[in-house]
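Inspection log for the structure reproduced underneath, given as C-alpha cells.
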Amino acid sequence: MAGLMAGFGHYTHAVVRGIPASLATEALRMQQAEVDVRRAQEEHAAYVEVLRGKLGLELLELPADEALPDCVFVEDAAVVCGDTALITRPGAESRRRETEAMKGVMQDLKMNIVEMTDETATLDGGDVLFTGREFFVGLSKRTNQRGAEILADAFKDYAVSTVPVLDGLHLKSFCSMGGPGLIVIGSSEPAQKALKIMQQMSDHRYDKLTVPDDLAANCIYMNLPNKGHVLLHCTADEFPESVKVFEKLKDHMLIPVSNQEKCKVDGALTCCSVLINKKANI
Ligand code: GLY
C-alpha cells in the first residue's frame, strides 16, 4: 500500500478554464436555478487563486468560450493519471467540443494522449474516482460501460470497477478522496449504496469519512511539498455540519472554498480543475 500510494495527491500543474456569460442561462442543470454569473466568476477566481497563490501550482488557464456554457467544468473533458491524459467523450452533446481545447493543452504539456473516439462511448471525468490504487467509474446519465472500458484500456496498470450512480449527476457528486486510502462520502442512501459497492469491488479496505451533505463530499485532496496533506472543501456558509466533520482531520491543511454559484449548475469543487503531476518544467 505505501509503495503504491506514495505519490498520491502530488500535483504540480492545474488546468482551469474561464466562465462564459452563457453559463447563467445555458449551462446544463438538474434543477432550475438562477445563477449570478458575476458571483460565479468571482468565486471561480478565488478558487484559481487558491491553486496558484496559496498552493503554488502552475496554472494553465483556458479562455472561456461563450459557445460552451459548461466549459468551466474542465474535469469532465479529461482524465489524467501519471503521464497519460484520456480525452473523454462527454455524455452531453452540448459539451463535446470542450475536449478540443483540453486536447491542445495536454499536447502543450507533452502528455501521452488517448482519445475516446468510439461514438458509442461516453464518459465524464466527474464519474471517475481515482483512489491511488484503482479507478471507480460511475455509470450515470453521462457515462456508459463502453466509456469505462476505454478508460480501463488507457490506464492498464490499474483495476477499473464500475458503480451505478442511482441519484445525482456524477459519481463524484457525492464522494471523493480525502487522503491516501480515505474516501469521503455523503450520507444519502444512494451515496451509501455506491460506497458499499466500491468496498465490495475492491480488495483494499478503504477508510471512510462520512459527511452529512452529499455535495460536501466532493473535495480536493493534495499532498504538496512544504504543505503536506491539503484538503479543499466546502465552506461553513454552505454546509456547516459537514465542515465540522472536516475539522476533525487534524493532519490536513484545511482550505474552505466557496462554490455556491457553480453548484447551482451541478458543478462541484473537483469539476473546475484537472490536476497533473508533471515534474519536469515545460
Ligand atoms: N452543468 C454541468 C453539467 O451538467 O455537465
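The values are calculated or read from the model by the stated rules, or taken from the named source; none is laboratory data. This structure is a prediction, so every number in the text was calculated from the model and none was measured. All Cβ positions, glycine included, derive from the backbone under ideal geometry; neighbour counts span all protein chains shown. When the accessible area is computed, the model is the full protein with side chains, heavy atoms only, and any ligands, DNA or RNA have been set aside. Shrake-Rupley method; radii C 1.70, N 1.55, O 1.52, S 1.80 Å.
Summary of values
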| item | result |
| --- | --- |
| Residues of region 235-268 classified as open to solvent by 10 Å² or more (accessible area, probe 1.4 Å), of a type outside the set (S, T, N, Q) and part of a loop (DSSP other than H, G, I, E, B), total | 11 |
| Answer from Thr120, Thr143, Thr88 - the residue that is more than 13 Å from the ligand (Cβ to nearest atom) and not aromatic (Phe, Trp, Tyr) | Thr120 |
| Those residues of region 36-62 which are open to solvent by 20 Å² or more (accessible area, probe 1.4 Å), in a loop (DSSP other than H, G, I, E, B) and over 24 Å from His170 (Cα atoms), in sequence order | Gly56 |
| Matching option when the condition is at pLDDT 95 or above, more than 13 Å from the chain's Cα centre (by Cα) and within 19 Å of His44 (Cα to Cα), among Lys227, Lys264 | Lys264 |
| Test for Gly9: is it in a loop (DSSP other than H, G, I, E, B), open to solvent by less than 10 Å² (accessible area, probe 1.4 Å) and away from the ligand (no atom under 16 Å from the Cβ) | yes |
| Residue check for Cys272: in contact with a Phe, Trp or Tyr (Cβ under 9 Å, 6 or more places away or on another chain), within 16 Å of the ligand (Cβ to nearest atom), hydrophobic (A, V, I, L, M, F, W, C) and at pLDDT 95 or above | yes |
| Meets criteria (of a type outside the set (Phe, Trp, Tyr), farther than 30 Å from Glu119 by Cβ and either within 16 Å of the chain's Cα centre (by Cα) or assigned to a loop (DSSP other than H, G, I, E, B) (or both)) for Ala33 | yes |
| Cβ pairs under 9 Å, 6+ apart, first in region 86-115 and on the phi > 0 side of the Ramachandran plot, second more than 16 Å from the ligand (Cβ to nearest atom) and β-branched (Val, Ile, Thr) | Lys110/Ile282 |
| Matching residues, region 21-35, being away from the ligand (no atom under 11 Å from the Cβ) and surrounded by 13 or more Cβ atoms within 10 Å (Cβ to Cβ) | Ala21, Ser22, Ala24 |
| Qualifying residue in region 147-163 (condition: among the charged types (D, E, K, R) and in contact with a strand residue (DSSP E or B) (Cβ under 6 Å, 6 or more places away or on another chain)) | no |
| Residue list for region 128-178, restricted to those being in a helix (DSSP H, G or I), open to solvent by 20 Å² or more (accessible area, probe 1.4 Å) and free of Cβ contacts under 8 Å to residues at least 40 places away in the same chain | Gln145, Arg146, Glu149, Ala152, Asp153 |
| Selected residue [touching a residue at least 60 places away in the same chain (Cβ under 8 Å), out of contact with any Asp or Glu (no Cβ under 9 Å at 6 or more places or on another chain), surrounded by fewer than 21 Cβ atoms within 10 Å (Cβ to Cβ) and under 25 Å from Asp167 (Cβ atoms)] from Tyr221, Tyr206 | Tyr206 |
